[in-house]
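These notes are about the structure you will find just below.
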Amino acid sequence: MERQSTYTATATIDEQGVLTGWSEGARRLLGYDSPAVVGRPATALLAADGAAVRRALAGRSRWNGTVPLRHQDGSLLELGVLAHRRTFQTGATDWLVVSAVTARTQPPRGEPLEEWTFLQSPFPLAIFGADLRLVRANRRMEHALALPEAAIRGLRLTHIAPGASSEEAARSMRRALERGRPQEARGRLGPDLGQAIVLTPLKDADGQVRAVCLSVPEPARETAGGARPSGESAAPVGTAADQARAAQELGEVTVPRLADLMAVDLLDSPWTTAEAAGRPPEQVVLRRAALRAVPGDGGPGHGGGVGTGVGVGIGEVIACPADSPPTRCLTAARPMLYDMADPAVAEWVALDPGASWLRTSGTRSLLAVPLLAQGSTLGVALFGRHGGRGPFGPEDLRLAEEFTAKAATGMEQARGCSRPRTTTVAPQRSLLPHRVSDQAALEIATRYLPAATRAGVGGDWFDVIPLSGARVALVVGDVVGHGLRASATMGRLRTAVRTLADVDLPADELLTHLDDLVLRLAADEGSADPGADTAGGIGTTCLYAVYDPVSRRCSVARAGHPPPAVVTPDGTVRFLDVPAGPPLGLGGLPFEAMEKELPEGSLLVLYTDGLLEARDHDIDEALDKLSVALGRPAQSLESVCDRVLGDLLSHRLDDDIALLVARTRALHEDLVASWELCDEPSVVSLARRYTTGQLSVWGLDEAAFTTELMVSELVTNAIRYGRPPLRLRLIHQGRTLISEVYDASDTAPHMRRARIFDEGGRGLLLVAQLADRWGTRHDRIGKTVWAEQSLTAL
């Protein structure tokens, strides 16, 4: 019998009453697998009149009560549920239904005096256990949430009061548990609760943290605008637990002391000092972290922030043009002062949604200060003043630099050691390529943006893999789920792709082998952990492309992944019609590859579906916007990446995004030489002469002796063990020289160590000692044995 433990059953239901989501907890509770219920009417699970339930929900945004449900085995369950109606930015709505399944034991009570203190406290109090599930709630908290303790006991905060505020509070709660120190968060968990949330760790007699107490100070302590009363000191800048809080504190300190309004915009991937100095003034993508103004000034909202008309809110993405003040400040890495009457600045403010807060507030003077810390550029702080106050002066500039320096230090510390998702972001980033090496075949630019959700980062990844014959493989994949499990699975699959790529498998065969691997991983994880959220990456999508700069042909295969985009040199954008193939882990279904010749200078764009989901789940609209973004001319691949992200991302990320943009190059005939050889021993000397003559043409006479030896052994091996036709090819690829011999036999050569009196067996050993790399590439018919040597030491 399954051990009774605390877990949460969740389901989502659309406005038509159809089930759209079904969690593992729901399966454990009612016995139905997700495919058996998703897409069916929710009333099919009811053991009561569905019309009565619909009447109870009509006109409500939240409901809690007991619902009779039918188990898969036919038994009846009386279940207490909490249902929230959610409205998305598209205007679509659905219902989130949650239920905490527990052992139903009464929570422990303390001594009478302690019990009275807890229950009768004038402050809302709630106690969450080590698993972040509610254990107790006092009467003031019940009243503020308009929910009885019995209805929410065993639920996490994010299920009790869904929203950004509860997500931030939950992160602070986790930090309080891990560090054993009180934490703070900002946001409203309910209309009758204040914005300041205090999370206090509760320790036993041995000093071990056993639970966390959530308390909300009286709302009256805050002004109507959400700012501190006069005389109450602001928190020192840079002591915040995360970057967002540090950005907010910078606003609290500088408004109105230094400026009438301010904003902090951060880079998703901070620049190093060298990167900042070497960047041309092109479009930059930032994310808004703070926005604050003096109350009652130009449309400010609650909490000292700017209200209506801001254009871009907290957490949303901003694409700043090359000539905008934020971009110029970041690339110059120094403060810059602007008069809003300047035509260039006025045009930016009038057209850019990210600058509309300056327009609506009537700003006359603007100061842009970069956020610099420990050799990194984190973002930019913008300070504005109205005409009545006068422009910024030298002393204002000194203060602004001092405050932003402290804030940047706090952000850098938060980035390095205090991020709530460090346990998943750090492994994720460590598994991605730290640096994409220069390729003669392709020019590469990449971006990776982690999701901004409580579930942690997902398993999106990209890779660039050099192959034999000057070819390059491009990979983009997306593992199902979020968190450490998804990151670990991603690492396994990325390693497997690299291993299979080294064998030089065709794209469709590589995906077939990867599909088998996912099935084995799922079987291993399923037997070890039947309750795993995702088993070994089943449902993972992947796209694998191989580009050959000699033929300029690109071979692509995909497993349930969005199709790649191609931009030809004339600006035409199209999506390659690659057979979709099933996601990995289904088994038994074929993958198909397609080949396309790409003109030199074409762009090949690979991405994960997080880029498309960001557009209100309208895939066609997202693809159209991606096409428009790619069709506009750009100075560099970096600006292409920034433009794509800026055009397609307009709000908080719900899924990771991996983006890879490659510009094709070609190896022309003057760098490639090929000869057909007959199947006779005498041809070996002819192959050596061909090689010597071609290296002389290329000015590589110093490499002639080594290359002659390798070509001689490769051709001899092909004559002795292979089948005609035979072909010799030399490729001069920048700093490397590649020698290839093709024959029609499928038999792979094996290197062995010859004994003293053996007449043969030393050829491949000699090639391995002379070459930097060597290997065998199997074609549809026959094989190619190749050897690559470096020319830098010559």
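Could you tell me how many of the residues in region 733-768 are assigned to a helix (DSSP H, G or I) and modelled with pLDDT of 80 or more?
Going through region 733-768 one residue at a time, the tally reaches 4.
Take the residues in region 717-729 that are crowded, with 17+ Cβ neighbours inside 10 Å and touching a Ser or Thr at 6+ places or on another chain (Cβ under 6 Å); name whichever of them is nearest to Ala687 (Cα to Cα).
If we take residues in region 717-729 being crowded, with 17+ Cβ neighbours inside 10 Å and touching a Ser or Thr at 6+ places or on another chain (Cβ under 6 Å), then Arg729 is nearest to Ala687 (Cα to Cα).
For Leu372, all conditions in the list (1) of a type in the set (A, V, I, L, M, F, W, C); (2) outside any helix (DSSP H, G or I); (3) under 16 Å from Asp323 (Cβ atoms) hold save one; what is the number of the exception?
Status for Leu372: all satisfied but (3).
Show the residue pairs meeting these rules: Cβ distance below 9 Å; 6+ apart or different chains; first residue within region 140-153 and without any contact (Cβ under 8 Å) to a residue 24 or more places away in the chain and closer than 15 Å to Ile127 by Cβ; second residue aliphatic (A, V, I, L, M) and surrounded by fewer than 18 Cβ atoms within 10 Å (Cβ to Cβ).
Pairs found: Arg140/Leu119.
Could you tell me which of the residues Leu193, Leu250 is buried (at least 21 other Cβ atoms within 10 Å of the Cβ) and at pLDDT below 80?
Leu193
Which ones in region 620-644 are touching a helix residue (DSSP H, G or I) at 6+ places or on another chain (Cβ under 8 Å) and outside any loop (DSSP other than H, G, I, E, B)? First the steps, then the outcome.
Of the residues in region 620-644, the ones touching a helix residue (DSSP H, G or I) at 6+ places or on another chain (Cβ under 8 Å) are 622-623, 625-626, 628-630, 632, 634, 640, 643-644.
Within region 620-644, Ala622, Leu623, Lys625, Leu626, Val628, Ala629, Leu630, Val640, Arg643, Val644 meet the criteria.
Going by the conditions given, is Leu202 within 30 Å of Ala9 (Cβ to Cβ) and in a loop (DSSP other than H, G, I, E, B)? Please lay out each step first, then the result.
Numbers: within 30 Å of Ala9 (Cβ to Cβ): yes; in a loop (DSSP other than H, G, I, E, B): no.
So Leu202 fails the test.
Could you check region 323-351 and list, in sequence order, the residues that are loosely packed, with under 15 Cβ neighbours inside 10 Å and not in a helix (DSSP H, G or I)?
Asp323, Ala333, Arg334, Asp339, Ala341, Asp342
Restricting attention to region 447-486, report how many residues are at pLDDT 75 or above and either over 21 Å from Gly581 (Cβ atoms) or not in a strand (DSSP E or B) (or both).
The number of residues fulfilling the criteria is 11.
Could you figure out which of (1) in contact (Cβ under 8 Å) with a residue 24 or more places away in the chain; (2) part of a helix (DSSP H, G or I); (3) more than 20 Å from Met594 (Cα to Cα) isn't true of Thr499?
Here Thr499 meets the rest and fails (1).
The values are calculated or read from the model by the stated rules, or taken from the named source; none is laboratory data. Quantities reported herein were computed from a predicted structural model and do not represent experimental measurements. In this analysis, Cβ positions are derived from the backbone assuming ideal geometry, glycine residues included, and neighbour counts consider all displayed protein chains.
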